[in-house]
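Derivation of every value follows stated rules applied to the coordinates shown; laboratory data play no part. Computed from a predicted model, the values in this text were never measured in an experiment. A quick note on method: Cβ atoms are made from the backbone with ideal geometry, for glycine too, and the neighbour counts reach across all protein chains shown.
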Amino acid sequence: MSGTGPYPKILLLGGEAMSSATATGITLRNLFAGYPVEKIAAVFSTTFDPDWQCAGRYYRINQRDVCGLKGHGRRYLPPFPAVSSGMNPGNTPPPGALKGLFRKTALEVLEWFPLTVPPELELFLDDFAPDIVYTLGAQTQIMRLAESISVKRNLPVVLHFMDNWIETRYAGALHSLSRKKMLDALDRLMKRSSLFMTISPEMAEAYRTRFRMPGHPFMNCIPKREYRPPAEPGDGPLKIYYIGGLHLQRGETIGRVAKVLREDADLKNRFRIAVFAPEKDWKQTEALHGDPLVEYGGNLPYRQVSEKTAEADILLHVEAFAPEITDYTRLSISTKLVEYFMAGRVVLGVAPKHLASIREIERAGCFSAVTEEEIAEALRKLSSPETRQNGGKRAYEYALETHSAEKVHERFLKVFQQAWAK
């Protein structure tokens, strides 16, 4: 990691650790890439394994161990087992509806109770002697544990908000008690903080007003790459690639783009859409199945994303339009956008204009659309090779300036140093 000065020892505490399996894990892995691994210890609760080479120490907690019951955490030391970077735990078939509802309710009730801190975890923390507690919050148990460790060891807390869970988690009258406990835990945790991090500039601005302290946006980052201009267009249709999950009704928005193509003879001949998403997501997006303009390209391991984005003529980002979903997504920025920009390919975003992801696409000098008429107009403009190349070059230059790992890592370290100095 570039930057000067000492590296504080970071206790990364949360549901996930660094991994290539989820968007959150990827963001964590890329933000901490280059940070001395011996200065990072991860305490996590997910059942799938992290990328073991990203931290010096790992400890898995069990969120079912509450109220003084014996914990079953497990401390991992080198040598670490090999983990496939293409692993995707989301491919596990979902449980039946009734079983899933019961499990969700049970996990919510468990959040009311404090986690057991077994002697093994105390020894793990004693041995590592962290300088800062870094957490993503969201889970009441995790926030309570972070506060407890912070108070007992007199450590500052840096909370990194990666989605708008403050406003959306446990919404509704049936969850009012869970929501109250969550917000109480958040308020106590923020009293241990002098600053916070967010996933977007929009979120940082909104939360600065709420918490009355400095907020610093940090989203995914990747090493800078050499610019590769797009290939000369061939005789076939132009390739529109969508890469990412189809949850939160994103598949429906892709369907809107396909509908625009179907209803315009010229656009129908010019473009084809390829979707690269987890298989379980594709199976649940039946409206796209059998559409001759939409092809399913399979699920991409993260290591293959950069290669695939370079093949595209246009990279597509979509979000749902339903208000109950935009409340959740409005302040978040998609992990994949940095990959899109660094590929040097023009990006088309189809989603409500007020979402942070769409504002980020516009900051990068690319295209956005809301209505079907706007989608058609954008695609007509993007039929021009010059327009596509110029848009892709703007996106690439924006990525170098704003999201290259070299620059982000330096800022990331400085924020930790500021928190440590308080």
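Compare the peptides 131-140, 324-333 by average per-residue count of other Cβ atoms within 10 angstrom and give them in order, highest first.
Most protected by this proxy first, the peptides run 131-140, 324-333.
What Rg and what Dmax come out for the chain when only alpha-carbon atoms are used, in angstroms?
22.1, 68
Say R0 is 45 Å: what FRET efficiency, to the nearest 0.05, do Thr47 and Gln389 get from their beta-carbon distance?
E between Thr47 and Gln389, to the nearest 0.05, is 0.50.
Can you sort Val415, Val370, Val157 by how many other beta carbons sit within 10 Å, fewest first?
Ranking Val415, Val370, Val157 by Cβ neighbours within 10 Å, fewest first, gives Val370, Val415, Val157.
What does the extension gain come out to for Ser194 and Gln418, with contour length at 0.36 nm per residue minus their alpha carbon separation?
Length gained between Ser194 and Gln418: 79.8 nm.
Cα gyration tensor of the stretch 238-402, axes a ≥ b ≥ c as square roots of the eigenvalues: rounded (a/c below 1.5), prolate (a/b > b/c) or oblate?
The shape class here is rounded.
Return the whole-Å distance between the Cα centroid of the stretch 291-324 and the Cα centroid of the stretch 143-177.
The stretch 291-324 and the stretch 143-177 have Cα centres spaced 32 Å from each other.
Could you give the length gained by full extension between Glu263 and Arg210, i.e. 0.36 nm per residue of separation minus their alpha carbon distance, to one decimal place?
14.5 nm
With +1 on each Lys and Arg Cβ and -1 on each Asp and Glu Cβ, and nothing else charged, work out how big the dipole of the chain is about its Cα centre, in Debye to the nearest 20.
Computed charge dipole of the chain: roughly 1120 debye.
For the charge dipole of the stretch 260-349, defined by +1 on Lys and Arg C-beta atoms and -1 on Asp and Glu C-beta atoms about the Cα centroid, which residue among Tyr340, Trp282, Gln304 has the Cα displaced farthest towards the positive pole?
Gln304
So if we plug the beta-carbon distance of Ala129 and Ala322 into 1/(1 + (r/R0)^6) with R0 = 56 Å, what FRET efficiency do we get, rounded to 0.05?
The calculated FRET efficiency here is 0.75.
Go ahead and estimate [θ] at 222 nm for the chain from helices alone: -39,500 (n - 2.57) per DSSP H run with n ≥ 4, summed, over the residue count, rounded to 500.
-12500 deg cm²/dmol
Hey, for a label at Arg153 modelled as a point 7 Å past Cα toward Cβ, could you say which residues of the stretch 164-188 have their backbone N under 16 Å away?
none
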